[in-house]
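The structure appears right after this line, and notes come after that.
The values are calculated or read from the model by the stated rules, or taken from the named source; none is laboratory data. The shown structure was predicted, so the numbers you read here are calculated from the model rather than taken from an experiment. Virtual Cβ from ideal backbone geometry, glycine too; neighbours counted across all protein chains shown.
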Amino acid sequence: MKTPMKAYLNAIANSYGEVLFISRPWVGVVFLGLSFLYPNMALMGLVAVLASYLFARAIGLKKGFLDSGFYTYNPLLVGFAIGRVFELGLLSLFFTLIASVVTFALTIALNHFFTHLFKLPILSLPFVISGSLVFLAARKYSGLFVGYLYPTRTPVWELGLPFWLEGYFKSLGAIFFMPQVMVGMILALTIFLVSRIWFLLSLAGYFSGSLVTGLMTGSMQLSFADYNHFNFILIAMSLGGVFLIPSPKSYLLALVAVAVSTLFVDAVELIWASFGIPAFPLPFVLVTLLFLYILTLLEFPLIPSVIKESPERTLDLHLTQRRRFPNLGPMVELPFSGQWKVWQGFDGPWTHQGIWAQAYDFVVTDSRGETFQGAGDRLTDYYAYKKPVLAPVTGRVVALDQSRPDTPIGSPEPPGSWGNYLVIKTEEGFFVELSHLAQNSIKVKAGDWVMAGYLIAQCGNSGYSPEPHIHLQVQIDANIGSPTRPFCLGNYRTQGTYFHQGRPATGDQLESLIKSRTLTRKTAFSLDRSFTYLAKSRGKSEEVTWVVEMNEDGSSALVSKRGKLYFGKQQNVFFVYSVEGTDPYLKALYQALPRLPLVEGDQLVFEDHLDLEAFFAPLAKGLLLLASSFFGPLAEVKGRYRFDGPGLVKGQVKSGWGGWAMDTYVKLDQQLGFLVIEAGAIRLELIESKLISQKFQTKGS
């Protein structure tokens, strides 16, 4: 665990990294060190961060809100701005204290306003407002000594670089008020080490914007000598790698925004110069917010739901979540037990067309693929006839009709007749219709509340139905014949493979699976339960302990000294959602069992997709994800698992690139949790499981 002092130092360091969207303490330390090339600026910046931090604690803001540096990087920039212009003294320190508190207050207020009203980030807007106020007010403060009127000893390195490359490094340094080549080179190297995507975006943004400006002004030399072009760098990095998921479309949008911003950079520079103040990053703020606002209104699909600490991590999470939990619409259970065949699916050739395209028809077949026995000219010849129909969702019955007779084979009612039907409205607000039910077979009435899996009717042949079958659809309202909407089926097996959710094809044999009480009990992890394992890896062994904790959002996690594994249950599946930190043993559990179907089924096979974070070294992972931003399948890691006996799961994880593979094995404990976990070279054996009152410490053996 972090000591209080270390936590405070990390918070201060993160303030520096957040200027370039980076939340890594070591990056903040590098930026802090660079700032001491200008001692006045460095000290004023530190004073601004500390003053903001103390003010936040004084007004009762919880420490957790300050750890990331999000609330304190704008005050830091104000401190930098004051330190670059005014000499260090008691009056300038007092001026910095006031300005930092104002900036911090603006950060809180604007963040609340922008987040709730526009769902937008505030970026450097508090710094732009506060910095402008500072420079305007300082005109009257004759007691402040202007630093650039006095000799300085700041080192200047001239490396004889081409003007276009020198301009890039100086503009990068100008973000921190240090337009020097060496500073820019160190910043560029740091960005490269954190994210290759950000580094390439910084290059693309700067050079594209400077080229456009050079063409417009007629002078490339003057264009590349303008330090305000750091705005191009920030725009490209933010739109291409922070607030949009990295992709060719995101990169193109970022470059378009940079081209648009050339007008803002030159116009804002002239307007602000008339007041005798610098433009600061106002063009970056205006253009980025403008593009994000438009994209938010349009519900642009590449806006990430979660922003991670680098574009690569955001992309990895997005690709993995999209594969693990595809957005297929509402999920409904199968309306039957046993095995049935998909007779007609979405966009089927007969009746699933137009506004009724999203629907399923199910029939029962024998070993020959036939739906009937005998001559097939009687209703009772058909295997599906009078079979139980189960509620596919939990909800309230809002409409039904069971008065229509079952039509003889070959004599259906006219097209458009739904026959006997039942409509259920779910808790989530969507409507599920079951049609062609047997006459007088419905077991519920309008207004009844039903649970998924309850017996509600029998399969029939009423309405426009050539033979007995179950018709299932999700529709926009409770009226019979309403337009359908996309949905998916859940908790079924087809061709030997289990699906938590999916859209089976016409002809697929589906098997409804029963929930396993044993597996459900074995994965019922209660809070404050610890699991101690003997962990072995490449000839080394140690005891490690995991503790079940609840997160602030109410989710659950297994926590160790080096990491955290998030888990939970959805319908009949136990999921490991993600792993944070550096604990290789938590990652081994994720690799060996990213999901566990809590259902009965011999030799059940199931699949899952895992993120690259759990498998590859940072450099290889970064390069793969950079390539994957253009071609997603490169980042695919897929696991295929099989129940190999009661409580035994064997699997293999394969990468979509390079032919890499890993064998896995999990044995469930008789009572609770996992008795043995194997993933590659790692093996964990359960020593003890018990309830505790405080966290265990891990120890070597």
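Listed by position, the helices (runs of 4 or more DSSP H) contained in segment 178-236 that have at least 1 residues being crowded, with 24+ Cβ neighbours inside 10 Å and in contact with a Gly (Cβ under 9 Å, 6 or more places away or on another chain) are 181-194, 196-217.
Being crowded, with 21+ Cβ neighbours inside 10 Å and more than 23 Å from residue 179 (Cα to Cα) is the requirement here; does residue 99 meet it? Judged against the criteria, residue 99 is a match. The set of residues in segment 9-64 being surrounded by fewer than 22 Cβ atoms within 10 Å (Cβ to Cβ), of a type in the set (Phe, Trp, Tyr) and farther than 18 Å from residue 189 by Cα consists of 36, 55. With respect to the conditions (1) aliphatic (A, V, I, L, M); (2) in contact with a strand residue (DSSP E or B) (Cβ under 8 Å, 6 or more places away or on another chain); (3) farther than 26 Å from residue 355 by Cα, residue 375 lacks only one, and its number is (2). The condition (being of a type in the set (Phe, Trp, Tyr) and either over 43 Å from the mean Cα position of the chain (by Cα) or modelled with pLDDT under 95 (or both)) is satisfied by just one residue among 362, 300: 300. Going through (1) within 25 Å of the chain's Cα centre (by Cα); (2) of a type in the set (Gly, Ala, Ser); (3) under 30 Å from residue 344 (Cα atoms) one by one, residue 560 falls short only on (3).
Just checking, does segment 108-124 include any residue being surrounded by 19 or more Cβ atoms within 10 Å (Cβ to Cβ) and part of a helix (DSSP H, G or I)? Scanning segment 108-124 turns up no residue that is surrounded by 19 or more Cβ atoms within 10 Å (Cβ to Cβ) and part of a helix (DSSP H, G or I).
Of everything listed in (1) surrounded by 14 or more Cβ atoms within 10 Å (Cβ to Cβ); (2) modelled with pLDDT of 90 or more; (3) of a type outside the set (Ser, Thr, Tyr), the single unmet condition for residue 352 is (2). Evaluation of residue 621 against the conditions (1) at pLDDT below 80; (2) in contact with a Leu (Cβ under 6 Å, 6 or more places away or on another chain); (3) surrounded by fewer than 14 Cβ atoms within 10 Å (Cβ to Cβ) shows that the sole unmet condition is (3).
Exactly one residue out of 667, 695, 690 is assigned by TED's automatic domain parsing to the domain that holds residue 624, part of a loop (DSSP other than H, G, I, E, B) and either modelled with pLDDT of 90 or more or in contact with a strand residue (DSSP E or B) (Cβ under 7 Å, 6 or more places away or on another chain) (or both), and it is 695.
Pairs meeting the criteria (first residue in segment 81-101 and β-branched (Val, Ile, Thr), second residue surrounded by fewer than 19 Cβ atoms within 10 Å (Cβ to Cβ), beta carbons under 6 Å, at least 6 apart or on different chains) are 85/147; 101/55. Taking the criterion of being out of contact with any helix residue (DSSP H, G or I) (no Cβ under 7 Å at 6 or more places or on another chain) and assigned to a strand (DSSP E or B), the residues of segment 654-664 that qualify are 654, 655, 661, 663.
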